[in-house]
Amino acid sequence: MIRAYAAREKGGKLEPFDYDPGILADEDVEIAVEYCGICHSDLSMLDNDWGLTTYPFVPGHEVVGTIAALGAKVKELKLGQRVGLGWFSRSCSTCETCMSGDQNLCATAEGTIVGRHGGFADRVRAHHSWLVPLGNQLDAAKAGPLFCGGITVFNPIVQFNIKPTARVGVIGIGGLGHIALKFLKAWGCEVTAFSSSPDKETEAKELGATHFINSRDPEALQSVQNYFDFIISTVNVNLDWGLYIACLRPKGRLHIVGAVLEPMATYAFPLIMGQKSISGSPLGSPSTINKMIEFASRHGIEPVTEIYPISQVNEAMEKLRTGQPKYRLVLQIK
């Protein structure tokens, strides 16, 4: 029996919930959860913002724990080994996309909290291919958010071959943006933080920003036109995208990882004349997650976190809802 916390209705309170997961499949692994990050996606799923949620709903897709049970065909992992699990828990492994190494783009990939129960629990299961071993160089209590927030901003760096000489802008210095600043600084880039909160300048520079721009200041935005090779937006609100496209150099790219729910409006002419691009991406493949963990371990990169006991899960979710975290929230399960 797995002991979890679940909501029984849209936006509902998370309450103790026990369920029987059945027999462990041959290629699956059961994790004894130690810590689980709280991501804004958990809140979006709780509120059924994306129309994907089934109730009772157990959130949690930034899992760190130790392997408690192995399916009969799992050979490369060991009992007691510490692993991480993120947004995806399974992919088909047979489609062209999976065979190309882009399992995160598999059309039938299973979300850890979509149509199944997640990691706000003492145990959680997943296919072995989506579990990433976590060495001893990263703090298990802080590592969980890397498996969603971290890979979300690390994947584009790898996918688009961002060079250490690149000038990169990061829009939004929050749960995603602060990790992006850390990664990009260690990558060697010149990094500019864009924020609508001028009081974040000192902290943004401590996190890795070379420069800081108040995004509410038109003159500041004007001063960096035709400057950036790459801008990554981590916010989930609509902006005047034309202003940021104007900040790109020829062949520059505006990349979206924040889930903006409204249509994004901009003019085609600046894209055409500057051969500029707008793109987006979902997390990363298991191989890229492994690269991220290795890179984070090498450079000592960890998210800034606040830890709550699982008994205070509703207080933690409310803190996330009201926009108060600094910067990621983590539940201690045991």
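The values are calculated or read from the model by the stated rules, or taken from the named source; none is laboratory data. Given the structure is predicted, the values throughout are model-derived calculations rather than measurements. Note that we place each Cβ from the backbone using ideal geometry, even for glycine, and neighbour counts take in every protein chain shown. Keep in mind that these areas ignore ligands, DNA and RNA; they rest on the heavy atoms of the full protein, side chains included. Shrake-Rupley method; radii C 1.70, N 1.55, O 1.52, S 1.80 Å.
Could you figure out which of (1) aromatic (Phe, Trp, Tyr); (2) open to solvent by less than 40 Å² (accessible area, probe 1.4 Å); (3) at pLDDT below 95 isn't true of Phe295?
Evaluating Phe295 over (1) aromatic (Phe, Trp, Tyr); (2) open to solvent by less than 40 Å² (accessible area, probe 1.4 Å); (3) at pLDDT below 95 leaves (3) as the failure.
Matching residues to (1) of a type in the set (Gly, Ala, Ser); (2) open to solvent by 70 Å² or more (accessible area, probe 1.4 Å); (3) in contact with a His (Cβ under 9 Å, 6 or more places away or on another chain); (4) not in a loop (DSSP other than H, G, I, E, B):
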| site | (1), (2), (3), (4) |
| --- | --- |
| Ile213 | no, no, no, yes |
| Ile231 | no, no, yes, yes |
| Leu243 | no, yes, no, yes |
| His255 | no, no, no, yes |
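With Gly80, Gly71 as the choices, which residue is over 19 Å from the mean Cα position of the chain (by Cα) and without any contact (Cβ under 8 Å) to a residue 24 or more places away in the chain?
Gly80
Scan the range 108-123 and give yes if some residue there is open to solvent by less than 10 Å² (accessible area, probe 1.4 Å) and in a helix (DSSP H, G or I), otherwise no.
So far as the range 108-123 goes, no, none of its residues is open to solvent by less than 10 Å² (accessible area, probe 1.4 Å) and in a helix (DSSP H, G or I).
Name every residue in the range 14-23 that is in contact with a Lys or Arg (Cβ under 7 Å, 6 or more places away or on another chain) and either among the aliphatic types (A, V, I, L, M) or part of a loop (DSSP other than H, G, I, E, B) (or both), in order of residue number.
Within the range 14-23, Pro21 is the sole residue that qualifies.
All but one of (1) assigned to a strand (DSSP E or B); (2) crowded, with 21+ Cβ neighbours inside 10 Å hold for Met45; which doesn't?
Single failed check for Met45: (1).
Quick one: how many residues across the range 301-329 are touching a residue at least 24 places away in the same chain (Cβ under 8 Å) and either surrounded by fewer than 17 Cβ atoms within 10 Å (Cβ to Cβ) or not in a helix (DSSP H, G or I) (or both)?
Qualifying residue count for the region: 14.
Any chance the range 125-134 includes a residue that's modelled with pLDDT under 95, assigned to a loop (DSSP other than H, G, I, E, B) and within 19 Å of Arg298 (Cβ to Cβ)?
yes
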